1. Which residues, counting only those in segment 115-158, are modelled with pLDDT of 85 or more, open to solvent by less than 30 Å² (accessible area, probe 1.4 Å) and not small (G, A, S)?
2. Is it true that A347 is among the aliphatic types (A, V, I, L, M), modelled with pLDDT under 95, over 20 Å from I195 (Cα atoms) and out of contact with any strand residue (DSSP E or B) (no Cβ under 7 Å at 6 or more places or on another chain)?
3. Counting just the residues of segment 93-114 that are surrounded by fewer than 13 Cβ atoms within 10 Å (Cβ to Cβ) and either touching a Phe, Trp or Tyr at 6+ places or on another chain (Cβ under 9 Å) or polar (S, T, N, Q) (or both), which one comes out modelled with the highest pLDDT?
4. Scan segment 172-212 for residues that are part of a strand (DSSP E or B) and open to solvent by 10 Å² or more (accessible area, probe 1.4 Å) and jot them down.
5. Could you list, in sequence order, all residues of segment 302-316 that are surrounded by 24 or more Cβ atoms within 10 Å (Cβ to Cβ) and either among the β-branched types (V, I, T) or within 15 Å of the chain's Cα centre (by Cα) (or both)?
6. Mind listing just one residue for me: the one in segment 411-446 that is farther than 18 Å from Y302 by Cβ and aliphatic (A, V, I, L, M) and, of those, modelled with the lowest pLDDT?
Amino acid sequence: LPQSDEEKEKVTQDSDTSGKDHTKDEDPPTEDVRDENGASEVANAAIKRELAETMVMMSSGSTTTTTESKAWYGPPPPPELIDNASSLKLLSQGAEARVWLATIDISSGAIKEAGSTSSGGSKRSMHVGSGINVPQLFSLTQHPSPLLDESSSSSSPQSIQVIIVKERFPKKYRHPALDVSLTKSRTKGEARSLIRCKKADVACPKVLAIANWSNLKDGADKKRGASKTDNVGNTSSCLFIEHVQGSTVRQYYEQRLESTATQNPSSPKRQRLEEGEDTKLESKPQDRVTTVIDTDTLGVAYNIGILVGKMHAAGVVHGDLTTSNIMVTNPPDTKDDNQEIKQGWDADLVLIDFGLATSTNPTIVTAASSNDASNNGKKPYKQQHSAEEKAVDLYVLERAFLSTHPESEPLVEEVLKGYREFFEGLGSSNDGSTEGSYGHVANAIFNRLEQVRLRGRKRECFG
């Protein structure tokens with residue numbers, strides 16, 4: 001111990017200096033410090049960095065248009081789709097499937113062989129149920145290719161095709177055998193519903209081909225000596241359908257609302273735009289957001305009712321009817337404020353996303369059954385068992401309108417009006433000499449819709 005006062009003072013200064021240098025100049029201690037919950041701060045920091053990097057990757061993936069970036073999550077797409085597509089853009093991804101916009105350059109050799117009658121040019125198909133066959137695609141480079149646009153008016157089909165690829169990727173949380181069975185059956189069911197609608201003249205995308213491809217890279221199964229069972233849980237089922245251009249009904253209604261707000265001189269939003277205020281990200285409380293109700297928007301709603309009625313008459317229940325799953329292929333140009341919408345504009349609508357669709361018996365019956373003497377001249381009613389499903393379909397569409405588009409009750413009434421008038425006119429002749437005889441079908445569906453609404457209100461009140 002120091003004996004003199006000078007030595008004691010020197011020791012005290014040394015200890016203060018060492019403590020000061022330790023807290024400011026030197027690195028902090030590397031020991032594992034625990035928080036109040038017993039978790040490691042080092043581990044928490046690593047998890048936060050990894051989560052931040054993941055969020056940045058996910059946010060940047062929504063605007064990525066090439067396959068080089070990691071725009072998707074889950075297992076990678078099939079190598080056949082990545083390697084042989086000219087471009088691949090992820091449009092959307094859910095828990096069940098991914099939707100790609102693919103540009104495929106089909107070689108001239110494929111076009112030449114597509115028109116040949118040689119034995120090697122035969123196309124194989126896959127049975128999807130109800131006596132419906134879909135061309136099967138084994139490779140994007142196969143000859144002939146079912147992806148060729150044979151409906152083109154030109155003598156030679158276009159070699160560059162822009163199509164939609166709906167990929168149902170494997171789920172690791174399911175048993176491999178069950179996963180493959182569910183994936184294939186759901187893809188076949190969607191293709192079957194689309195083809196049934198197409199045959200009944202319902203506006204929907206055309207089914208081009210179907211494929212079941214492995215997600216493993218080329219030669220990966222050979223390197224690890226894989227057997228047939230190893231590839232069970234690594235298969236994606238892809239459905240190739242026609243690319244429908246246009247905007248969704250939801251986008252159309254939102255664009256009409258935006259254009260009306262900017263064209264109205266008394267609109268608060270128009271006044272703020274003239275004053276130079278930025279209102280893209282802010283919503284002022286004095287702005288009352290309502291859906292535009294005019295002749296054009298009501299006409300779109302009426303056409304939606306007719307389109308849904310056609311689909312139900314064909315024996316198909318959509319299962320996910322929203323304004324985001326109905327396309328307008330000829331939307332008016334609302335970008336120019338000085339341009340007025342053409343008078344007499346009639347919207348061309350197309351139904352998309354039949355992933356949750358189910359099939360029922362078609363409404364239209366054969367002439368032999370209608371002339372049966374036991375029916376007393378009345379056509380048999382074959383839709384009693386499916387009125388529930390169709391009523392739920394209408395209820396989902398009604399709730400989608402009311403939740404997405406504020407104060408859109410007149411649009412919902414117009415949808416139901418078009419739906420009822422379609423069934424009332426079903427079976428009538430063009431000259432009006434024969435009246436439709438399917439009004440009872442609409443009555444049964446609307447009666448069941450009232451019951452579905454009561455069940456929906458009960459869930460809202462009591463959870």
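1. Within segment 115-158, M126, V128, I132, V134, L137, L140, P146, L147 meet the criteria.
2. no
3. Going through the qualifying residues, I end up with S107.
4. Here is the first cut: in segment 172-212, the residues part of a strand (DSSP E or B) are 207-212.
The answer is V207, L208, N212.
5. I304, V308, V316
6. Among residues in segment 411-446 that are farther than 18 Å from Y302 by Cβ and aliphatic (A, V, I, L, M), the one modelled with the lowest pLDDT is V441.
The values are calculated or read from the model by the stated rules, or taken from the named source; none is laboratory data. On a predicted model such as this, the values are computed, not experimentally measured, just so you know. Neighbour counts are summed over all protein chains in view; Cβ atoms, including those assigned to glycine, are modelled from backbone coordinates with ideal geometry. Quick note on the areas: whole protein, heavy atoms, side chains included, nothing else; ligands and nucleic acids left out. Shrake-Rupley method; radii C 1.70, N 1.55, O 1.52, S 1.80 Å.
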